Amino acid sequence: MPDPGTTAVVIVLPDAAPLLDAAWRIDPALVRHGVPAHVSLLYPFVPESVLTVQDETNVRSLAASFPAADLLLEHVVTEPGFVAVSVPELQPIVDAFHGQWSGLRPYGGRFGARPAAHVTVATGADDPAAAAHVRAAVGHLLPLRTRAAAVQLVVLAEDGWRPRFTAPLGGSDGA
């Protein structure tokens with residue numbers, strides 16, 4: 001579990017929530033409580049304690065340089081202890097964020113230098129039968145249409161992840 005003050009840059013995909021719900025119905029322990037369906041662009045990001053206005057400006061600017069996108073989620077990916085749905089259409093923005101902050105190692109290096117864009121559905125699925133059940137349940141929900149409309153910078157607080165700001169894809173306004 002990361003420490004409070006850890007940050008991440010993500011694209012939340014609310015329409016993909018049924019994928020996480022399916023895994024939760026199989027075993028609630030497989031789904032990270034309070035974390036919506038999303039694609040991580042860069043995790044961990046700059047720790048909150050050293051995050052600068054320039055970092056925030058750069059996130060907003062990079063988000064604005066990519067258009068919003070309609071997505072079709074179609075493929076389940078499984079690795080030991082892990083079930084996800086691939087989102088290859090978002091790989092260019094994932095790569096751009098990694099390139100902008102090349103000194104940061106995505107996922108601490110656990111998935112290599114260029115992790116594939118994905119929605120994590122279940123983690124800790126070490127029991128192959130549970131992972132197979134999740135894969136089957138998620139597979140029945142695909143294909144699933146969703147839209148990538150904005151980037152969020154999120155911060156881990158004592159009570160869970162909280163948005164720090166939202167920056168629209170293809171736009172310059174943020175909340």
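The values are calculated or read from the model by the stated rules, or taken from the named source; none is laboratory data. Predicted, not measured: the structure shown is a model, and the values here were computed from it. Cβ coordinates were reconstructed from backbone atoms using ideal geometry, including for glycine residues, and neighbour counts include every protein chain displayed. Surface accessibility is based on the protein's heavy atoms, side chains included, excluding ligands, DNA and RNA. Shrake-Rupley method; radii C 1.70, N 1.55, O 1.52, S 1.80 Å.
Under a crude label model (7 Å from the Cα following the beta-carbon direction), how far is ALA68 from ASP95 in nanometres?
2.5
Between VAL151 and residues 5 or more places away or on another chain, which pairs have amide H atoms under 5 Å apart, with H built 1.01 Å from N, and which residues are they?
Long-range HN contacts for VAL151: ALA167, LEU169.
Using the alpha carbon gyration tensor of the range 20-175, what are the three equivalent-ellipsoid semi-axes (square root of 5 times each eigenvalue), largest first, in whole Å? Don't skip to the end; give the middle numbers.
Working: eigenvalues 150, 61, 44 Å².
With the √(5λ) rule applied to the range 20-175, the semi-axes are 27, 17, 15 Å.
Where does the chain land at 222 nm, in deg cm²/dmol rounded to the nearest 500, when only DSSP H runs of n ≥ 4 count, each adding -39500 (n - 2.57), divided by all residues?
My calculation for the chain gives -7500 deg cm²/dmol from helical runs alone.
State the percentage of accessible surface on the chain attributable to carbon and sulfur atoms; use a 1.4 Å probe and exclude ligands, DNA and RNA.
Heavy-atom surface of the chain belonging to carbon and sulfur, 1.4 Å probe: 56 percent.
To two decimal places, what compactness ratio does the range 87-175 give when its Cα radius of gyration is scaled by 2.2 N^0.38 Å?
1.32
Would you kindly derive the ³J(HN,Hα) couplings of the range 138-149 from the backbone phi angles with the Karplus curve 6.51 cos²θ - 1.76 cosθ + 1.60 (θ = phi - 60°), listing them in order in whole Hz, with x for Gly and Pro?
Result, rounded to whole Hz: 5, x, 6, 8, 9, x, 10, 9, 8, 9, 8, 10.
Name the residues whose placed amide hydrogens come within less than 5 Å of the amide hydrogen of LEU42, ignoring near sequence neighbours (fewer than 5 apart) on the same chain.
For LEU42, whose amide H was placed from the backbone, the distant partners under 5 Å are VAL9.
Amide H neighbours of VAL121 under 5 Å, counting only residues 5+ apart in sequence or on other chains, H built in-plane at 1.01 Å?
Under 5 Å from the amide H of VAL121: VAL83, ALA84, VAL85.
Just the number please: accessible area per residue for the range 58-132, 1.4 Å probe, all protein chains included, in Å².
49
For the range 1-151, what's the relative contact order in percent, using C-alpha pairs closer than 8 Å and at least 6 residues apart?
Once divided by the residue count of the range 1-151, the mean separation gives 37 percent.
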